Ligand SMILES: Nc1ncnc2c1ncn2[C@@H]1O[C@H](COP(=O)(O)OP(=O)(O)OP(=O)(O)O)[C@@H](O)[C@H]1O
């Protein structure tokens, strides 16, 4: 089943045309790597299909809803309930402990503190970082911080996880560990993952690759 489908996306920043008619479709539960050279438009494509950045033209459908036609509050609500995000740096709140960071999306949805913290504790354990629960993000290693960020992205049981260079700041061993834990957890929960990367060893965790060049995208179908 196609969960997310984008067609004819164009986006310019001043004179720079970042996207020029790009499209992508994501099926439920699959892991898709978005690859391509630096500056080709990968992050812009991810931000447009995740409802973070409005495209200049084109459409993005999540199930039967058109993200580009929604008002901001409906789109924010959809992002909060259906999507999870993992970025390269800095997505954790520095003043909160790792446990509070993971519990935060559930607290924002109105869950009681005790229940939210119980679910967050489970997710920290699944990502093998339960021992940093009481620490602030600045006190953890880069690899631990990214695993906490993955736990936070998964705690709300999203249907799609958007990950932009999630291992970009990590050494290869920690990068492999984050990718293994992220894709294992996504496969267990049935979440699709859209993963921007320029590293082949990170893309190797995907089912399928989409290549972006000069703001245009192309599906590369192959079996792993
Ligand atoms: N907010 C912005 N303001 C101005 N230009 C931007 C902005 N975001 C992206 N661009 C430009 O749009 C083009 C595509 O950028 P994008 O970040 O999508 O590429 P990318 O493939 O993700 O690159 P990288 O692999 O280096 O992260 C680039 O020329 C970039 O400089």
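Based on the alpha-carbon gyration tensor of the stretch 1-94 and its eigenvalue square roots a ≥ b ≥ c, which shape applies: rounded if a/c is under 1.5, prolate if not and a/b is larger than b/c, or oblate? In terms of gyration-tensor shape, rounded.
In the chain, the DSSP beta bridges split such that about 55 percent are antiparallel, to the nearest 5.
With a/c under 1.5 counting as rounded, go ahead and sort the stretch 77-208 into rounded, prolate or oblate using the C-alpha gyration tensor (a ≥ b ≥ c being the square roots of the eigenvalues; past the cut-off, prolate if a/b is larger than b/c, else oblate).
oblate
Shape verdict for the chain, please, from the Cα gyration tensor: rounded (a/c under 1.5), prolate (a/b greater than b/c) or oblate. The shape class here is prolate. Look at the alpha carbon pairs under 8 Å that are at least 6 residues apart: their mean separation over the length of the stretch 2-220 gives a relative contact order of 32 percent. Measure nothing but the geometry: give the 0 to 90° angle between the long axis through the Cα atoms of 113-126 and the longest principal axis through the Cα atoms of the chain, rounded to 10°. For helix 113-126, the angle is close to 70 degrees.
Read the figures in this text as sums done on the coordinates, not as results from a lab. What you are looking at is a predicted structure, and each value in this text was computed from that prediction instead of being measured.
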